1. So if I check each of Asp149, Asp133, Asp140, which one is surrounded by fewer than 16 Cβ atoms within 10 Å (Cβ to Cβ), outside the structural domain of Asp38 (by TED's automatic domain parsing) and in contact with a helix residue (DSSP H, G or I) (Cβ under 7 Å, 6 or more places away or on another chain)?
2. What residue, among those in the stretch 205-229 that are assigned to a helix (DSSP H, G or I) and of a type in the set (A, V, I, L, M), is surrounded by the fewest Cβ atoms within 10 Å (Cβ to Cβ)?
3. When only residues in the stretch 24-34 that are of a type in the set (A, V, I, L, M, F, W, C) and surrounded by fewer than 17 Cβ atoms within 10 Å (Cβ to Cβ) count, which is modelled with the lowest pLDDT?
4. Listed residues Val37, Val11, Val21, Val50; which is under 20 Å from the mean Cα position of the chain (by Cα) and at pLDDT 95 or above?
5. Filter the stretch 3-16 down to residues that are touching a residue at least 60 places away in the same chain (Cβ under 8 Å) and closer than 11 Å to Leu96 by Cβ, then give me how many there are.
6. Would you please name the residue that is nearest to the chain's Cα centre (by Cα), looking only at residues in the stretch 144-161 that are part of a loop (DSSP other than H, G, I, E, B) and in contact (Cβ under 8 Å) with a residue 12 or more places away in the chain?
7. Being in contact (Cβ under 8 Å) with a residue 60 or more places away in the chain and part of a loop (DSSP other than H, G, I, E, B) is the filter; apply it to the stretch 240-268 and report the residue that is surrounded by the most Cβ atoms within 10 Å (Cβ to Cβ).
Amino acid sequence: MLGVSELERIVARIEPGGRLVRAWALRGGISSTMTAVDITTAAGGSRRVVVRQPSEWSLERNPDAAVDEFRLLRAVTAAGVRAPAPVALDASGEILPAPYLVLEHVDGEHRFDATDRDGYTRALAALLAAIHDLDLATLDLPLLPDLRDQFTRKLSRQPAALDASMDEARVRETLAAAWPLPERNAAVLLHGDLWPGNILWNGDAIAAALDWEDAGTGEPLIDLAIARLDATWVFGPDAADELANRYLARRPIDATDLAYWDLCAAFRSASNLAEWSTSWRELGRPDISERTMTEIRAGFVARALARLPA
């Protein structure tokens, strides 16, 4: 975690005359280090912010990770999407050697129980639709990748061993035969990773979508398929269809290729389940293990293969 002197200098920049009260580490995963900071303002009030430092891994992928995320969050929050509001960006190297950003803290909690499938799919469908309804032409966004390209690159690389548990050979063959998929829908802003660990709840409402470092643009079904697989791990296969139906009721787009994008979502998880299951365990769901994720994903793949258009 950041040292006291560093935190005091950050506080002085964002809240002149303010005083550091306390700080503690938040879970940030491999993409970032996050520190929550409580501040007493010069006027005697209180404020809580989060200092977000992209990891070396993130900076290797994108040296401008902090700058891009600051600009992206500024755009989406100004447009009304529930996400942490950016407070400050510092790429000067004067306090910390690498760029970092400061975000307003969002009050809320993660929801990982499997008791409210209806509420989860209803709220998540609304959040996905709100993000995808944003007008790319009017948003002041950084240069974002087309997320379709990540699947093109993944298909072009042959791993040393294929993941037999998800019938990876058949998935690769099926996707390669159809690739590139037709561009049936207009490109939209994509969050890229709306799993439950990136969603904060306030009661029955979503308080914020977190961690936008995987954001990009492209086919809206990419986001939907990724969220469908995550919903299946938590609630079972009916949740995936419920989520799709509710999303498509809000945004009646062409879903002809949803089964292909479901395969892409499963394909994306190849070799990652051990790491992802650790995240589930750390967040209070030890029952979502690598073994159960593997079994559930196999069923997800089988259903997608059975639904492929003729």
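1. Asp140
2. Leu229
3. Ile30
4. Answer to the selection: Val50.
5. Counting residues in the stretch 3-16 that are touching a residue at least 60 places away in the same chain (Cβ under 8 Å) and closer than 11 Å to Leu96 by Cβ gives 3.
6. Residue satisfying both the conditions and the ranking: Leu147.
7. The extreme case among them is Asp257.
Quick grid of which residues meet (1) at pLDDT 95 or above; (2) under 30 Å from Ser289 (Cα atoms); (3) among the aliphatic types (A, V, I, L, M); (4) surrounded by 16 or more Cβ atoms within 10 Å (Cβ to Cβ):
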position: Leu72; (1), (2), (3), (4): yes, no, yes, yes
position: Thr77; (1), (2), (3), (4): yes, no, no, yes
position: Val87; (1), (2), (3), (4): yes, no, yes, yes
position: Asp90; (1), (2), (3), (4): yes, no, no, yes
position: Glu94; (1), (2), (3), (4): yes, no, no, no
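The values are calculated or read from the model by the stated rules, or taken from the named source; none is laboratory data. If you're wondering where the values come from, they're calculated on a predicted model, not measured in any experiment. Heads up, the Cβs are rebuilt from the backbone with ideal geometry, glycines too, and the neighbour counts pull from every protein chain shown.
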